[in-house]
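The values are calculated or read from the model by the stated rules, or taken from the named source; none is laboratory data. As the structure is a prediction and not an experimental result, all values here were calculated from the model. Using ideal geometry, Cβ is built from the backbone for each residue, glycine included, and neighbour counts are taken over all protein chains shown.
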Amino acid sequence: MACAQCSSIPLGLSGQFSARATIEAAEILSQDLVASGRWTPMNTPSGFTAAFSCSECGAHFHLVMPDPPAAGGLFRVSVTQQRIGELRARRQEL
Ligand SMILES: [Zn+2]
């Protein structure tokens, strides 16, 4: 379960953004959360601009820049995707 902070990410930032102002708002929000110690930057999987994990609830987020026609967004990573990512990272270590 995501903490109150992670659950309150504005839906407008969660996918489908292509407007410059929205991209900047998503970047500022994630930078603020890192600066306040709530989010920790993670190794960024290829194809993503930045990745973060929440120190309170452990949720992972990916910041994706728009790549027309694909929209960008600040996406919460599902638990399943998170687990797949962990297993991939472990396999690369072997
Ligand atoms: Zn959280």
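Does segment 54-87 hold any residues that are in contact with a helix residue (DSSP H, G or I) (Cβ under 8 Å, 6 or more places away or on another chain) and assigned to a loop (DSSP other than H, G, I, E, B), and which are they?
Result: 56, 57, 59, 65, 66, 77.
Residues of segment 37-53 being in a loop (DSSP other than H, G, I, E, B) and either more than 12 Å from residue 5 (Cβ to Cβ) or among the charged types (D, E, K, R) (or both), which ones?
38, 42, 43, 44, 45, 46, 47, 48, 49
Is at least one residue of segment 18-36 assigned to a loop (DSSP other than H, G, I, E, B) and modelled with pLDDT under 90?
Among the residues of segment 18-36, at least one is assigned to a loop (DSSP other than H, G, I, E, B) and modelled with pLDDT under 90, which makes the answer yes.
Residue 90 fails exactly one of the following numbered conditions: (1) without any contact (Cβ under 8 Å) to a residue 40 or more places away in the chain; (2) surrounded by 11 or more Cβ atoms within 10 Å (Cβ to Cβ); (3) basic (Lys, Arg). What is the number of that condition?
Of the numbered conditions (1) without any contact (Cβ under 8 Å) to a residue 40 or more places away in the chain; (2) surrounded by 11 or more Cβ atoms within 10 Å (Cβ to Cβ); (3) basic (Lys, Arg), the odd one out for residue 90 is (2).
For segment 1-17, give me each residue that is modelled with pLDDT of 80 or more and aliphatic (A, V, I, L, M).
Across segment 1-17, the qualifying residues are 2, 4, 9.
Considering only segment 32-58, state which residues are within 16 Å of the ligand (Cβ to nearest atom), of a type outside the set (A, V, I, L, M, F, W, C) and more than 17 Å from residue 82 (Cβ to Cβ).
32, 36, 37, 38
Can you tell me which residue in segment 12-31 is farthest from the ligand (Cβ to nearest atom), limited to those that are without any contact (Cβ under 8 Å) to a residue 24 or more places away in the chain and under 13 Å from the mean Cα position of the chain (by Cα)?
Ranking the candidates gives 28 first.
Could you check residue 7 against (1) surrounded by fewer than 12 Cβ atoms within 10 Å (Cβ to Cβ); (2) more than 13 Å from the chain's Cα centre (by Cα) and say which number it fails?
Result: residue 7 passes all but (2).
Can you say whether residue 9 is touching a strand residue (DSSP E or B) at 6+ places or on another chain (Cβ under 8 Å) and in a loop (DSSP other than H, G, I, E, B), as far as the supplied structure shows?
yes
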